[in-house]
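Engineer: Have a look at the structure that comes next, please.
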Amino acid sequence: VRASVGRTLAVDALLAVVLVGATTGILEAADADLTAAALVLLLAVVISSLRSVRCGALAAALGYLSCNFFFTPPTGTLEVDRASDLVAGAVFLVTAVIIGAVVARLDTLREQAVRREREAQTRVELTTRLIRGESPNDVASSSAAAMTNLFSLRACRVRFGDAIGFAGDRARLEDTSRTIVRVGDVEVDLVLGALALSGADRAVLDALVAALAAAFDQHRLEIEARDARIRAEVSQSRAGFLSAVSHNLRTPLASIKAAASTLRSLDVGLKPEERRELSDTLVDETERLERLVTNVLGLSRIRAGGLEPRPEAADMSDLAGAAVRRLRPLARAHRIRLAIDEDLPPAGVDVGMMEQIFLNLLENALHYAPPGSEITISARRTGDMIEVRVSDHGPGIPCAERERIFDEFVRVDARADRAGAGLGLAIVRALVTANRGRAWCEETPGGGATLAFSVPAANVAQQPEGVR
Amino acid sequence: LTTILIVEDDAPLRRALRMALGARDLQVVEASSGEEGLALAAARQVEVVLLDLGLPGMDGLKTLTELRRFSEVPVIVLTARDQQHDKVSALDAGADDYVTKPFDVEELLARVRATLRRSPTPKSGPTSVRHGELVIDLENRHVMLAGMPVHLTKTELSLLETLVTNPGKLLTHEYLLKRVWGPAYGTESNYLRVYIRQLRQKLGDDAAGPRLILTEPGIGYRWIADDERS
């Protein structure tokens, strides 16, 4: 510290000597008289004062000596002949010192104003970033850097709760001489640079830390509010999911029990075609229940991570045909068209999972497509993949919903909870992904929804990774 | 021929019910939504309505409220087991009874018959009710058990009257409280529990194997005595 103070003193002295010396040289060359010399030397004092009070005072003293030695008769000596010149010299000295002090003071004030503004800007910027929800770690680092800069620190560490940021020489932060400022959950540790903090600086620092603490509190309140909102949404969608699943499971049960109890108690009174129809109800609804149970169990297996596909060569038209046959009872009012090339290569997939995918996609289409409309199942090869599409001419799915329908909690409209849709598509996506494929949704040309997926063709899937 | 309107969105269940009720010589009219059900109830002569509470779109409760604006037709609501709250709301909104899905058709038919027996409500109710050794003289507000007079408080008597004059009908907590204690009441089901217990004690009924008053947990009470009325 002493070395640096010495250095600034040397600079001050050098500046004063150079300025006064140069001025004197010019005045001598111009052969100026005492009055002109005194005025011009005052100017040199003013300029020196802009540097510091000390520099100004040195220049005043040197200026006085220069006036006396070079311009006051008898010149070339420090003697003064006339009493009036003695007074003039004294007045020069006093005036120079006063002007120097005033100028230096003004300059200090200007500098302080600039600093206050920088401090205020820093405070506003940092607190805004915190409140806007930026990561506390980032803001802590920025704060440490800003404080190091503002107060010329050697090192600084800022903590917002668990978040932490550093600037400067980290090792010094373990010094016991460090200053600690703590407000609420904000803690600032700092190691001073060359200069001690003035009272004003300390006040600025405290205000900055207090502002950061308030902003951090607000930041945390907002995070908590957001978390609570998310938790509420999740629990609401969970409740919706549970109620949809229980509704879906109970609905076929109601028909089964109604049909079975009628058959039991009225066996004699029923006409053969009525008995036939009740038996059909029993079989159809049992199958519907079975599909639902398979989906629910499938979902819990997926969640438990127990999905291990066993790929083998599987023919897409066989799988599509099987799904159509199984869902025939549901599809009495629809036309289902298969558009699959005979020479389409087989896919390399788990056949059981693929059956479930086809069933879920077709059941979904039957659920949304209006009676009498056509549903198309098409498949083609693109590169190493087989692409399958199930297209209906139902109400379609808005662009914004096209990703969300694969979410297990999402039902696109209120009617969807009636046949287990929303669960089925989530399972489709999980199963397709497990088979190294991709599932998506697009618009059917002419209107309606098309649910599509792609899976690797068999020859590709059966090669080891990286050989293709 | 009795006409029964089924408002249910699930087609297979409608089909099973159509067959089951049709075989019992009930004429079945079907609606798949609340709106359609209201239109049919307004257009046709219907004796009983079976109303699914879990309808998509206009739900069962809303349909019931709309129906009650223009019709006093008996309504039996079909509900799921986890819709306890909806059951109570439906009964308070004017449903006559409920059946929980999945149900045995015999149970449904029993409820339908009981509902049909109760309506239309006779203008002048019975003046006395006899069940085994129990005689309830409604006109003179006097109760005898095995030839001995039973002393009932005013509230107990009023509660008994309300139950006896609605034989077989499920009366909700709210209905009984408003009827017996007054319109300012409705949530104090603990009062009811206490008074029903006292009534059972004095009338020789048993909560575990009730012959007179049946508790529907969380919903209300029913007078189930197979009594003689005069």
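The values are calculated or read from the model by the stated rules, or taken from the named source; none is laboratory data. The shown structure was predicted, so the numbers you read here are calculated from the model rather than taken from an experiment. Every residue, glycine among them, receives a Cβ derived from its backbone with ideal geometry; neighbour counts consider all protein chains shown.
Engineer: Restricted to region A:347-362, and to residues that are assigned to a helix (DSSP H, G or I) and aliphatic (A, V, I, L, M), which residue is surrounded by the fewest Cβ atoms within 10 Å (Cβ to Cβ)?
Structural biologist: Here the residue is A:V351.
Engineer: Filter region A:138-176 for residues that are of a type in the set (S, T, N, Q) and loosely packed, with under 14 Cβ neighbours inside 10 Å; which is nearest to A:A213 (Cα to Cα)?
Structural biologist: A:S152
Engineer: Related question: Let me confirm something: among B:G132, B:G168, B:G147, which residue is touching a helix residue (DSSP H, G or I) at 6+ places or on another chain (Cβ under 7 Å) and not aliphatic (A, V, I, L, M)?
Structural biologist: Within the list B:G132, B:G168, B:G147, the selection yields B:G168.
Engineer: While we're looking at this one, here's another question. Residues to consider are A:R51, A:R118; find the one that is basic (K, R) and modelled with pLDDT under 85.
Structural biologist: Among A:R51, A:R118, only A:R51 is basic (K, R) and modelled with pLDDT under 85.
Engineer: Taking into account only those residues within region A:294-327 that are under 30 Å from B:A11 (Cα atoms) and hydroxyl-bearing (S, T, Y), which is surrounded by the fewest Cβ atoms within 10 Å (Cβ to Cβ)?
Structural biologist: Result: A:S300.
Engineer: Which one is surrounded by the most Cβ atoms within 10 Å (Cβ to Cβ), of the residues in region A:363-385 that are in contact with a strand residue (DSSP E or B) (Cβ under 6 Å, 6 or more places away or on another chain) and within 17 Å of A:G321 (Cα to Cα)?
Structural biologist: Ranking the qualifying residues of region A:363-385, first place goes to A:A365.
Engineer: Here is a follow-up. Within region B:100-122, can one find any residue that is in contact (Cβ under 8 Å) with a residue 24 or more places away in the chain, away from chain A (no Cβ under 14 Å) and aromatic (F, W, Y)?
Structural biologist: No, because not a single residue in region B:100-122 is in contact (Cβ under 8 Å) with a residue 24 or more places away in the chain, away from chain A (no Cβ under 14 Å) and aromatic (F, W, Y).
Engineer: Quick one: would you say B:D25 is within 13 Å of chain A (Cβ to nearest Cβ) and more than 22 Å from A:T262 (Cα to Cα)?
Structural biologist: no
Engineer: Residue by residue through region B:71-107, note down the ones that are surrounded by fewer than 20 Cβ atoms within 10 Å (Cβ to Cβ) and assigned to a helix (DSSP H, G or I).
Structural biologist: Correct list: B:Q84, B:H85, B:D86, B:V88, B:S89, B:D92, B:E106, B:E107.
Engineer: Tally the residues that are in a loop (DSSP other than H, G, I, E, B), under 15 Å from B:N166 (Cβ atoms) and of a type in the set (A, V, I, L, M, F, W, C), restricting the search to region B:183-229.
Structural biologist: So the answer is 4.
Okay, residues lined up against (1) under 30 Å from A:A196 (Cβ atoms); (2) not hydrophobic (A, V, I, L, M, F, W, C); (3) not in a helix (DSSP H, G or I):
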position	(1), (2), (3)
A:T75	no, yes, yes
A:A90	no, no, no
A:L93	no, no, no
A:I98	yes, no, no
A:A120	yes, no, no
A:A144	yes, no, no
A:M147	yes, no, no
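Engineer: Assess whether A:E222 counts as being exposed (fewer than 14 other Cβ atoms within 10 Å of the Cβ), acidic (D, E), away from chain B (no Cβ under 14 Å) and farther than 30 Å from A:E285 by Cβ.
Structural biologist: No, not satisfied.
Engineer: Which of (1) modelled with pLDDT of 80 or more; (2) out of contact with any Cys (no Cβ under 8 Å at 6 or more places or on another chain); (3) more than 13 Å from A:E363 (Cα to Cα) is the odd one out, the single condition A:A452 does not satisfy?
Structural biologist: (2)
Engineer: Within region A:246-261, track down each residue that is touching a residue at least 60 places away in the same chain (Cβ under 8 Å) and at the interface with chain B (Cβ under 7 Å from one of its Cβ atoms).
Structural biologist: Those that are touching a residue at least 60 places away in the same chain (Cβ under 8 Å) and at the interface with chain B (Cβ under 7 Å from one of its Cβ atoms): A:H247, A:T251.
Engineer: Report whether or not B:L40 is within 14 Å of chain A (Cβ to nearest Cβ), more than 20 Å from A:I256 (Cβ to Cβ) and touching a strand residue (DSSP E or B) at 6+ places or on another chain (Cβ under 7 Å).
Structural biologist: no
Engineer: All but one of (1) out of contact with any helix residue (DSSP H, G or I) (no Cβ under 8 Å at 6 or more places or on another chain); (2) under 30 Å from A:L195 (Cβ atoms) hold for A:V53; which doesn't?
Structural biologist: A:V53 satisfies all of (1) out of contact with any helix residue (DSSP H, G or I) (no Cβ under 8 Å at 6 or more places or on another chain); (2) under 30 Å from A:L195 (Cβ atoms) except (1).
Engineer: If I filter region A:328-346 for residues that are surrounded by fewer than 17 Cβ atoms within 10 Å (Cβ to Cβ), facing another protein chain (nearest Cβ under 10 Å), in contact (Cβ under 8 Å) with a residue 40 or more places away in the chain and assigned to a helix (DSSP H, G or I), do I get at least one hit?
Structural biologist: yes
Engineer: Which one is surrounded by the most Cβ atoms within 10 Å (Cβ to Cβ), of the residues in region A:261-293 that are β-branched (V, I, T) and farther than 30 Å from A:L242 by Cβ?
Structural biologist: It comes out as A:T262.
Engineer: Does A:A32 qualify as being modelled with pLDDT under 90, assigned to a helix (DSSP H, G or I), surrounded by 13 or more Cβ atoms within 10 Å (Cβ to Cβ) and of a type outside the set (K, R)?
Structural biologist: Considered against the rule, which asks whether it is modelled with pLDDT under 90, assigned to a helix (DSSP H, G or I), surrounded by 13 or more Cβ atoms within 10 Å (Cβ to Cβ) and of a type outside the set (K, R), A:A32 comes out as no.
Engineer: Please verify whether region A:295-302 includes one or more residues that are touching a helix residue (DSSP H, G or I) at 6+ places or on another chain (Cβ under 9 Å) and at pLDDT 85 or above.
Structural biologist: Within region A:295-302 (the criterion being touching a helix residue (DSSP H, G or I) at 6+ places or on another chain (Cβ under 9 Å) and at pLDDT 85 or above), the answer is no, since none of the residues qualifies.
Engineer: When the residues of region B:55-66 are filtered to those that are surrounded by 22 or more Cβ atoms within 10 Å (Cβ to Cβ) and more than 20 Å from B:R111 (Cα to Cα), which remaining residue is nearest to the other protein chains (Cβ to nearest Cβ)?
Structural biologist: B:L55
Engineer: Select from region A:267-306 the residues that are under 14 Å from A:E363 (Cα atoms) and among the hydrophobic types (A, V, I, L, M, F, W, C) and write down the one among them that is nearest to the other protein chains (Cβ to nearest Cβ).
Structural biologist: Checking each candidate, the answer is A:L289.
Engineer: May I ask you to list pairs of residues, at least six apart or on different chains, whose Cβ atoms are under 8 Å apart, with the first in region B:128-148 being among the polar types (S, T, N, Q) and the second being in a strand (DSSP E or B)?
Structural biologist: From residues that are among the polar types (S, T, N, Q), the pairs are B:S128/B:V135; B:S128/B:I136; B:S128/B:D137; B:S128/B:R229.
Engineer: What tally of residues in region B:146-176 results from selecting those that are assigned to a strand (DSSP E or B) and within 16 Å of B:R229 (Cα to Cα)?
Structural biologist: So the count comes out to 1.
Engineer: Are there any pairs with C-beta distances below 8 angstrom linking a residue in region A:96-124 that is more than 26 Å from A:L62 (Cα to Cα) to a residue that is surrounded by fewer than 12 Cβ atoms within 10 Å (Cβ to Cβ), with the two at least 6 apart or on different chains, and if so which?
Structural biologist: Matching pairs, first to second residue: A:Q112/A:A200.
Engineer: Going by the conditions given, is B:E161 under 20 Å from the mean Cα position of the chain (by Cα), over 21 Å from B:V73 (Cβ atoms) and surrounded by fewer than 19 Cβ atoms within 10 Å (Cβ to Cβ)?
Structural biologist: Taking the combined requirement at face value, the residue satisfies it.
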